[in-house]
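Everything below concerns the one structure shown next.
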Amino acid sequence: MCSISLPRWLLVAAFLPCAAAKAETPPADARDPHEHAEGYDFANLPKPHAHQHSFGALRFDRFEHAFLPGADATLYDLHGWYGTSYERAVVKAEGAFFRGRLHEARSELLWSHAIAPFWDSQLGVRHDSGAGPDRTWLAFGAEGLAPYWFDVEATAYLGAAGRSALRLAASYELLLTQRLILQPRVEANFYGRRDAALERGTGLSDAVAGLRLRYEFSRQFAPYLGVERSGKLGNSADLVRAAGGKALETRWVAGGRFWF
């Protein structure tokens, strides 16, 4: 008795049509997949457009009272935006009031575009106002979450008369509990040209480093206490001292963080 050995690929090829026929034929008692669809199917449905809905928010990261020797101050730092996940209009505003008068303020109107997960590029304008002369800048930079969840901002500015500036800011949220959060924050400003009217020298002009401990009664409202060390540095410090001011100071702050 002799046996014939067929190649394995030939056996598989012969079996596939039968298997496909069995797979395409449902059993007689199979449930109708459209029995609860009330006559509708997916043939004419439009394709989904993810992240195309516009929505917005206004968040006060800091709204606080700073306790200073002889001259307390009220400070604010807000961030608002409206748009989609990829394109949005952004408003940033930061400033300080001394004795009921606006001492200094930075206001920015930017267009933000998502360039990577957790990162946006930003382009727009910045306007400085307050006790000294106003300044207007063209702004461009990036904002997002760096590795290990550091919130980072880096923005460069170009102004009139060849002025240039760079602002760097970073913060981190350390969860002591689900509601008690310690937030360290640093910010530094660099300028390319001397601006004596605003007590700004070249290079690193001013910096601030602080700690804030907040308690989140809800995600929308969280009071906090903190301490901050701020002041002028380098050539800017020389301009402040020449005017009879104090270059560095430590201040205790109390305020709240909220959004809506």
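Here are the numbers:
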{"item": "Paramagnetic reach from residue 174 in the stretch 217-260 [backbone N under 17 Å; point 7 Å along Cα→Cβ]", "result": "225-229"}
{"item": "Net length gained if the chain between residue 104 and residue 54 were fully extended (0.36 nm per residue, minus Cα distance)", "result": "14.7 nm"}
{"item": "Hydrodynamic radius by Kirkwood, which averages 1/r over all alpha carbon pairs of the stretch 116-260, in angstrom", "result": "17.1"}
{"item": "Modelled FRET efficiency - R0 45 Å, residue 227 with residue 30, Cβ distances, 0.05 increments", "result": "0.05"}
{"item": "Cα→Cβ-extended label distance, 7 Å offset, between residue 138 and residue 71, nm", "result": "3.5"}
{"item": "Net lengthening on full extension, residue 188/residue 215 (0.36 nm per residue, minus Cα-Cα)", "result": "7.1 nm"}
{"item": "Residue 125-residue 247 pseudo-label distance in nm [points 7 Å out on the Cα-to-Cβ vector]", "result": "3.6"}
{"item": "Local net charge near residue 90, Cβ-Cβ under 9 Å (Lys/Arg +1, Asp/Glu -1)", "result": "-1"}
{"item": "Local electrostatic count at residue 193 - Lys and Arg +1, Asp and Glu -1, tallied over other residues with Cβ under 10 Å", "result": "+2"}
{"item": "In Å, descending, principal axis extents of the Cα set of the stretch 179-255", "result": "45, 24, 16"}
{"item": "Cα-centred dipole magnitude for the stretch 132-260, charges only on beta-carbon of K, R (+1) and D, E (-1), debye, nearest 20", "result": "200"}
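Rule-based calculations on the coordinates, nothing more; no lab input. Small disclaimer: the values here were computed from a predicted structure and weren't measured. All Cβ positions, glycine included, derive from the backbone under ideal geometry; neighbour counts span all protein chains shown.
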